[in-house]
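Below: one structure, written as structure tokens.
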Amino acid sequence: MAIQVLEERVFILNGKGFSYVIYLSEEGIPLNAYWGAGITHPEDFLDAAFIREAFHIPSPQLWPEEYAPFGGLRYKETAVKAVFSDGVRDLLLIFDRWELREDVLCIILRDESEPLEAALCYRVQEELGILERWCELQNTGDKSFTLEHCASAQFSLPGTGFQSINYTGRWSGEFQQKNTPVSCGKQVYESLCGLTGHQCAPFFAVHRGVNEEHGPVWFGVLSHSGNFEITVEDVCAQKVNIVAGISDTDFTWILGAGERFETPHVLAGYAEGLGAMSRMLHRFAREVQLPKPLAQKPLPVLYNSWYATEFSVTQEQQMALAERAAQLGVELFVMDDGWFSGRVDSTAGLGDWAADSEKFPQGLHPLIRRVKELGMDFGLWVEPEMVNPDSALYRAHPDWILRYPNRDPIQFRSQYMLDMGSPLVNEHLYHVLNELLCQYDITYLKWDMNRYVAEMGSTLCSEENGKSLWYRHTMGVYELAERLRRAHPALELEACASGGGRVDFGAMRYFDEFWPSDNTDPLDRLSIQRHYSLLYPVKCMRAWVTDDTNFNNRVVPLEFALHTAMCGALGIGTNLSKAAPVTLDLLRKNIAVYKDIREIVQLGDLYRLSSFENSPIQVVQYQLEGHSVLFAFLRGGQYGRRFYACFPRGLDPERLYRCRTGEVILQKRGDYLMYHGLTLELYGDWSSVIVQLDTIEVQEH
Ligand code: DGJ
């Protein structure tokens with residue numbers, strides 16, 4: 001049973017592979033009694049013992065609270081803080097009642113004298129092994145008050161020796177996974193950029209020693225694309241305190257009489273090994289989070305013109321690229337930045353979402369018609385949140401940007417940020433983009449976002465609501481994406497933010513795919529893609545092949561680059577007009593191979609078998625029902641060494657598999673392949689192979 005309640009004081013949440021137990025203390029405080037592998041006898045928790053007192057340490061500091069309020073004798077990171085009309089800034093949240101709202105367990109807490117009610121919400125995605133948590137804060141009084149902090153969830157783990165995983169990163173160097181001991185004080189993973197950002201990600205993963213296959217890991221991802229704050233704190237008495245939610249830096253939310261604020265959700269889980277954690281999150285993404293129309297379907301192979309043309313877009317050149325793309329088997333032709341009014345370079349045009357009349361004298365119709373005749377769908381680049389000072393939109397509405405009225409606004413990449421939280425601005429953007437989608441046969445939009453937020457002020461927002469703008473901006477982005485999707489249900493949306501600046505489980509509810517990095521150098525990319533996959537499914541990871549020296553001046557054979565990109569949702573960014581016949585031939589062949597295997601790659605379970613971090617070969621495997629695909633990469637060959645063992649996972653031990661690498665075919669049972677291993681032949685620098693494993697029936701003689 002997913003939710004059990006014992007004696008009105010012990011709440012047990014069970015999902016595949018885990019149990020989560022909440023215990024009501026005598027004071028009426030919900031405490032975490034247990035989180036880990038599934039337990040069989042919940043009644044053992046009826047007399048769960050807690051450290052109640054320690055010499056000179058106030059009890060609340062030691063309680064493993066489910067949602068600690070700021071107030072009383074608490075000095076650890078707390079989950080909620082409010083300022084009331086009578087000046088009180090302390091909260092004492094005590095159990096009031098519990099309710100089942102359909103499949104959601106709500107434990108409702110109330111302050112003893114202030115009008116705040118907090119519903120701690122828990123939903124178990126039983127089969128997926130994911131516990132969804134959030135909090136609904138309600139003003140039950142007749143005067144407004146101010147929320148200064150409202151996390152989504154708090155977690156507590158007993159013991160010492162924990163380590164914590166997150167990313168560090170930057171533009172073109174996103175998703176670099178790091179592991180640090182949780183030894184003293186707080187570790188804060190935070191974004192104050194107004195979006196997820198490149199520096200770290202909204203999640204926690206704590207463990208006491210874990211690798212791909214072994215070791216318990218407790219994790220949670222925040223489903224939110226704006227400012228966030230994840231705190232992992234070593235509190236005294238051998239406990240780790242974890243708080244996850246929107247950042248409270250420069251944040252307040254005024255809760256009027258009777259109003260409610262629902263925090264973003266946290267998707268938490270417990271797994272054995274990082275590989276299992278990733279697979280759980282990937283499944284959750286595919287089955288619950290991603291927009292339905294495309295979540296269970298493989299994404300098309302796209303061509304994107306950015307690296308070929310940058311801003312110098314013309315109709316003829318786009319048509320020429322489209323001709324070649326179609327011959328290769330591309331299914332979606334995307335014209336990137338540079339197509340709209342006045343867009344000669346990065347300094348002009350943003351905000352004016354109509355085709356540039358010099359570049360496209362008859363609008364986009366001739367190009368789109370040609371792309372369609374060639375059998376491809378058509379997609380466009382937009383950056384809805386932005387405006388250049390040199391644009392008709394800015395000249396008409398200089399007051400629509402985020403800025404403080406009496407100060408010169410800061411430009412970044414020659415652009416300002418629109419106040420997306422304002423209904424007026426949002427409505428305008430909806431009108432313009434909807435118009436574009438109605439006017440032309442556009443199947444896909446790449447929604448870019450190329451500057452971080454600063455000066456979160458607005459002339460369109462009331463002064464007292466100023467500190468809510470960070471949150472409102474993110475909600476404005478979601479709302480616009482949602483409205484466009486509703487009006488155009490077949491629309492495919494990609495989120496890009498100077499590469500991977502807006503990759504998260506919140507954006508995943510509105511965007512079908514992400515651009516993880518502008519860096520397409522295969523070696524850098526293999527590391528970025530591997531670490532990206534720690535949380536995010538390759539189903540929604542766009543990966544392009546571009547001209548070989550675009551990054552690092554490193555010349556890598558095209559096949560190696562292609563195989564790297566085929567590990568995700570394949571895209572081509574090569575300048576096809578300049579490409580040699582041999583290049584076109586290789587692209588065509590590999591696109592055909594990719595189409596055969598993409599269902600397994602995009603919808604299968606991912607196993608990271610080995611990595612360049614600790615092996616000469618990096619191998620990744622995708623497994624779907626009776627089929628597996630492996631990509632193996634050797635960066636630097638070694639004289640006299642040609643054969644490398646690899647150990648596929650997740651096969652049926654008793655079934656017979658046909659293993660194919662090019663011409664070489666082998667038949668072995670699943671147990672042989674997994675335990676004895678598969679020998680891969682890789683030779684010389686930049687060598688790569690694809691291995692396909694398919695179950696076959698045993699022939700009786
Ligand atoms: C940044 C993106 O990451 C690139 O892929 C490209 O779309 C440019 N913006 C266009 O300005």
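The values are calculated or read from the model by the stated rules, or taken from the named source; none is laboratory data. All figures in this text were calculated on a predicted structure; none of them were measured in a lab. Ideal geometry is used to build each Cβ from the backbone, glycine not excepted, and the neighbour counts take in all protein chains shown.
Of all residues in the stretch 513-528, those that are surrounded by fewer than 23 Cβ atoms within 10 Å (Cβ to Cβ) and under 17 Å from ARG502 (Cβ atoms) total 2. Within the stretch 473-499, the set of residues being buried (at least 23 other Cβ atoms within 10 Å of the Cβ) and among the charged types (D, E, K, R) comprises GLU492, GLU494. All conditions in (1) of a type in the set (A, V, I, L, M); (2) crowded, with 24+ Cβ neighbours inside 10 Å; (3) in contact with a Leu (Cβ under 9 Å, 6 or more places away or on another chain) hold for LEU437, with the sole exception of (2).
Residues of the stretch 525-577 that are among the polar types (S, T, N, Q) and within 15 Å of VAL619 (Cα to Cα): SER527, GLN529, SER533, THR564. When you scan the stretch 602-615, do you find a residue that is basic (Lys, Arg) and more than 30 Å from GLN315 (Cβ to Cβ), even just one? Checked against the condition, which is being basic (Lys, Arg) and more than 30 Å from GLN315 (Cβ to Cβ), the stretch 602-615 yields at least one hit. Can you tell me which residues in the stretch 343-383 are in a loop (DSSP other than H, G, I, E, B), within 13 Å of the ligand (Cβ to nearest atom), in contact with a strand residue (DSSP E or B) (Cβ under 9 Å, 6 or more places away or on another chain) and among the hydrophobic types (A, V, I, L, M, F, W, C)? Of everything in the stretch 343-383, just one residue is in a loop (DSSP other than H, G, I, E, B), within 13 Å of the ligand (Cβ to nearest atom), in contact with a strand residue (DSSP E or B) (Cβ under 9 Å, 6 or more places away or on another chain) and among the hydrophobic types (A, V, I, L, M, F, W, C), namely LEU350. Here is a check on your reading of the model: is VAL217 among the β-branched types (Val, Ile, Thr), under 24 Å from TYR75 (Cβ atoms), at pLDDT 95 or above and over 15 Å from the mean Cα position of the chain (by Cα)? No.
Would you mind stating whether LEU630 is assigned to a loop (DSSP other than H, G, I, E, B), in contact with a strand residue (DSSP E or B) (Cβ under 7 Å, 6 or more places away or on another chain) and closer than 30 Å to LYS297 by Cβ? Walk me through how you get there before you give the answer.
Working: assigned to a loop (DSSP other than H, G, I, E, B): no; in contact with a strand residue (DSSP E or B) (Cβ under 7 Å, 6 or more places away or on another chain): yes; closer than 30 Å to LYS297 by Cβ: yes.
In short, no.
Counting only residues that are part of a loop (DSSP other than H, G, I, E, B), more than 21 Å from VAL538 (Cβ to Cβ) and either of a type in the set (A, V, I, L, M, F, W, C) or without any contact (Cβ under 8 Å) to a residue 40 or more places away in the chain (or both), the stretch 483-499 holds 2 of them.
Residue-by-condition table, conditions (1) touching a residue at least 40 places away in the same chain (Cβ under 8 Å); (2) farther than 30 Å from LEU367 by Cα:
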{"position": "ASP399", "(1), (2)": "yes, yes"}
{"position": "ASN406", "(1), (2)": "no, yes"}
{"position": "PHE412", "(1), (2)": "yes, yes"}
{"position": "SER422", "(1), (2)": "yes, yes"}
{"position": "LEU429", "(1), (2)": "yes, no"}
{"position": "LEU433", "(1), (2)": "yes, no"}
{"position": "TYR440", "(1), (2)": "yes, no"}
{"position": "ASP448", "(1), (2)": "yes, no"}
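Taking the condition of being of a type in the set (D, E, K, R) and either crowded, with 19+ Cβ neighbours inside 10 Å or without any contact (Cβ under 8 Å) to a residue 40 or more places away in the chain (or both), how many residues in the stretch 166-198 meet it?
Count: 3.
For the stretch 628-640, the criterion of being free of Cβ contacts under 8 Å to residues at least 60 places away in the same chain and under 23 Å from LYS539 (Cβ atoms) is met by at least one residue. Counted as qualifying within the stretch 500-613 are the helices (runs of 4 or more DSSP H) with 1 or more residues that are among the aliphatic types (A, V, I, L, M), under 17 Å from TYR303 (Cα atoms) and within 16 Å of the ligand (Cβ to nearest atom), namely 558-565. Are any residues in the stretch 387-404 in a strand (DSSP E or B) and either at pLDDT below 95 or touching a Gly at 6+ places or on another chain (Cβ under 6 Å) (or both), and if so, which ones? Hit for the stretch 387-404 is VAL387, nothing else. Look at ALA201 and say whether it is buried (at least 21 other Cβ atoms within 10 Å of the Cβ), within 22 Å of TRP35 (Cα to Cα) and within 22 Å of the chain's Cα centre (by Cα). Taking the combined requirement at face value, the residue does not satisfy it. In summary, helices (runs of 4 or more DSSP H) completely within the stretch 248-342 and bearing 1 or more residues that are under 30 Å from ASP377 (Cβ atoms) and within 16 Å of the ligand (Cβ to nearest atom) occur at 306-309, 315-328. No other residue among VAL432, VAL453 is in a loop (DSSP other than H, G, I, E, B), among the β-branched types (Val, Ile, Thr) and away from the ligand (no atom under 16 Å from the Cβ) apart from VAL453.
LEU222 satisfies every condition listed in (1) within 30 Å of ILE29 (Cβ to Cβ); (2) buried (at least 24 other Cβ atoms within 10 Å of the Cβ); (3) out of contact with any strand residue (DSSP E or B) (no Cβ under 6 Å at 6 or more places or on another chain) except (3). The single condition among (1) within 21 Å of the chain's Cα centre (by Cα); (2) modelled with pLDDT under 95 that THR459 does not meet is (1). Which of the residues that make up the stretch 154-186 are assigned to a loop (DSSP other than H, G, I, E, B) and modelled with pLDDT of 95 or more? Within the stretch 154-186, PHE162, GLY169, ARG170, TRP171, SER172, GLY173, GLU174, PHE175, VAL182 meet the criteria. Can you name the residue in the stretch 100-148 that is β-branched (Val, Ile, Thr) and touching a residue at least 60 places away in the same chain (Cβ under 8 Å) and is also surrounded by the most Cβ atoms within 10 Å (Cβ to Cβ) among such residues? Residue satisfying both the conditions and the ranking: ILE130.
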